[in-house]
Amino acid sequence: MTTASDSMRSRTRFFMLGAFLVASIAFAVIAASGISDNLVYYWTPGDLRDAGDKAYGASIRLGGMVVPGSIRKVAGGSGVEFDVKDARSVVHVKTSGVPPQMFRENIGVVVEGTMARGGHFQSNRLMVSHSNEYKAPAKGHAVDEKTLKQMMKSTEGLTD
């Protein structure tokens with residue numbers, strides 16, 4: 001003779017087994033559906049060159065320093081072209097978006113996009129590295145000539 005508690009345990013086990021089976025199938029479907037298509041890799045210019053054909057078509061975040069003298073505005077648009085370097089390699093980058101105000105030579109950047117067959121990196125997003133520290137000048141603090149020249153130099157190329 002079975003009791004009500006034995007019947008309840010049997011139903012609970014059946015329910016748990018069914019829930020586990022459904023979760024396993026769902027996990028397998030997600031894993032097989034190409035979740036890797038949504039991954040974004042972070043590479044340096046050297047890593048990008050070493051990757052060869054793997055770099056084409058992959059979503060990549062390329063990080064490095066903007067090469068001095070390489071920034072050129074795209075004719076008829078708001079985009080820019082520039083070179084990004086690391087210790088081993090240089091990659092030419094083209095972006096159609098408006099660069100951030102802090103964008104300039106010798107600054108760390110991260111560009112998101114993909115390597116194009118034309119030999120350049122096509123970026124759809126441009127981010128600049130900067131310090132999170134900000135120290136406001138003391139009230140009534142006069143800016144000396146050296147500091148003023150430094151501030152002017154840091155904004156070169158930002159205006160037309």
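The values are calculated or read from the model by the stated rules, or taken from the named source; none is laboratory data. Everything quoted here is computed from the prediction, not taken from an experiment. We place every Cβ from the backbone using ideal geometry, glycine too, and count neighbours over all the protein chains shown.
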Sole miss for Leu48 among (1) surrounded by fewer than 18 Cβ atoms within 10 Å (Cβ to Cβ); (2) over 16 Å from Met127 (Cα atoms) is condition (1)
Which of the residues spanning the range 85-100 are of a type outside the set (Ser, Thr, Tyr) and either at pLDDT 90 or above or in contact with a strand residue (DSSP E or B) (Cβ under 9 Å, 6 or more places away or on another chain) (or both)? Lys85, Asp86, Val90, Val91, His92, Val93, Lys94, Gly97, Val98, Pro99, Pro100
Condition first: in contact (Cβ under 8 Å) with a residue 24 or more places away in the chain and surrounded by fewer than 19 Cβ atoms within 10 Å (Cβ to Cβ). Now tell me which residues in the range 110-123 satisfy that. Val110, Glu112, Thr114, Ala116, Arg117, Gly119, His120, Gln122
Which residues, taken from the range 78-109, are of a type in the set (Ser, Thr, Tyr) and either in contact with a Pro (Cβ under 9 Å, 6 or more places away or on another chain) or surrounded by fewer than 12 Cβ atoms within 10 Å (Cβ to Cβ) (or both)? Ser78, Ser89
Does Ala75 satisfy the condition of being surrounded by fewer than 17 Cβ atoms within 10 Å (Cβ to Cβ), small (Gly, Ala, Ser) and part of a helix (DSSP H, G or I)? no
Yes or no: Phe14 more than 16 Å from the chain's Cα centre (by Cα) and either polar (S, T, N, Q) or not in a strand (DSSP E or B) (or both)? yes
Identify, please: which residue in the range 52-61 is farther than 15 Å from Asp86 by Cα and surrounded by 15 or more Cβ atoms within 10 Å (Cβ to Cβ) and is, among those, modelled with the highest pLDDT? Ile60
